Amino acid sequence: MKKIGAQPKDGVDPTPEGRPLALPLDHIDEDPGQPRSAANPGFTAHSLAELAASIRLRGVKTPISVRHHPDRPGRYIINHGARRYRASRLAQLATIPGFIDDDYSATDQVVENLQRNELTAREIANYIGRELSKGLKRGQIASNISKSPAFVTQHAALLDLPEPIALAFNQGRVRDVTTVNELVTAYKSHPDAVAAWLGEGEPEITRGAVKLLRAFLGEKFGQEEEPVVEEGRADPVQQEAPALVAAPGDTGHRRWRCGGVVVLHQQRECVLLLGRRPGGEGWAWIRHEDGVEVEIALAEVQPLRLLGAGE
């Protein structure tokens, strides 16, 4: 039967065609240019420990892909399978099943991870930035990774964010690329207001909170903002933001120093809880003055004003 794979000098026994090789873990190097960064959720200690436990019990069921190391004979560089490689080392295995594919590029790595939704927005943006620096057009990049031009444009915008938004993004307070772009649109018209809002906000910035912020800014400054259209959807603010009302005078109510937007719910002033994840799109958590927290539909509230630094 025809044999495939590495020659004996690679330290790998040839196996029948169509079967993975048993690659020695000590002969494998990770790709320093791989698109997933050390901060990727799949590389956390907890995530790798779970995978290692599964590997100890069941073994590696999906072979990794490697290519010959161009500068170190007998060694390999990982094309994809870095998590399985790391977890196999934690599980103290000697070998890992794999295939050798020398026809593999950075674009192939990105496509493979994109299809499994294993790249963060920052990692996608960094890849797009590297491709742009090579002189590629955005349309060509989109075609190479089987995504739309709008997808590439949205992620490319993450490479040049205004400082307050970049800080929130790098801190992990906002991860959704559409939400980031909505913040950028608001910042272009009202930089001071958006910067103040971000400075007073709670750890997590939700899409619903940004929708209310943009609706409030459009009313407060007497102008409509440029809509941010998510691919395949109408402008979310026009779809879901409730009608605005004029800000009331001082009612003597106790206020809260927690950042965000003051809203009106059932004729009572409440604060939108930015750090609490709602159960679904179009919903949000609010806190009433008496401390009671409830989840409500965004259509049930009216944005009143931004919380200031002293509130």
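The values are calculated or read from the model by the stated rules, or taken from the named source; none is laboratory data. Computed from a predicted structure; not experimentally measured. A quick note on method: Cβ atoms are made from the backbone with ideal geometry, for glycine too, and the neighbour counts reach across all protein chains shown.
Observations on the structure shown:
- Sole exception among (1) part of a helix (DSSP H, G or I); (2) assigned by TED's automatic domain parsing to the domain that holds residue 71; (3) surrounded by fewer than 15 Cβ atoms within 10 Å (Cβ to Cβ) for residue 92, by number: (1)
- Residue within region 182-202 that is modelled with pLDDT under 50, surrounded by fewer than 19 Cβ atoms within 10 Å (Cβ to Cβ) and not in a helix (DSSP H, G or I) present: no
- Hey, residue 163 crowded, with 17+ Cβ neighbours inside 10 Å and among the charged types (D, E, K, R) or not: no
Results for (1) surrounded by 14 or more Cβ atoms within 10 Å (Cβ to Cβ); (2) modelled with pLDDT of 90 or more; (3) closer than 24 Å to residue 29 by Cβ, shown as yes or no for each residue.
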residue	(1), (2), (3)
101	no, no, yes
105	no, no, yes
108	yes, no, yes
113	yes, no, yes
117	no, no, no
132	yes, yes, no
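- Residue 22 being part of a helix (DSSP H, G or I) and either modelled with pLDDT under 90 or at negative phi (or both): no
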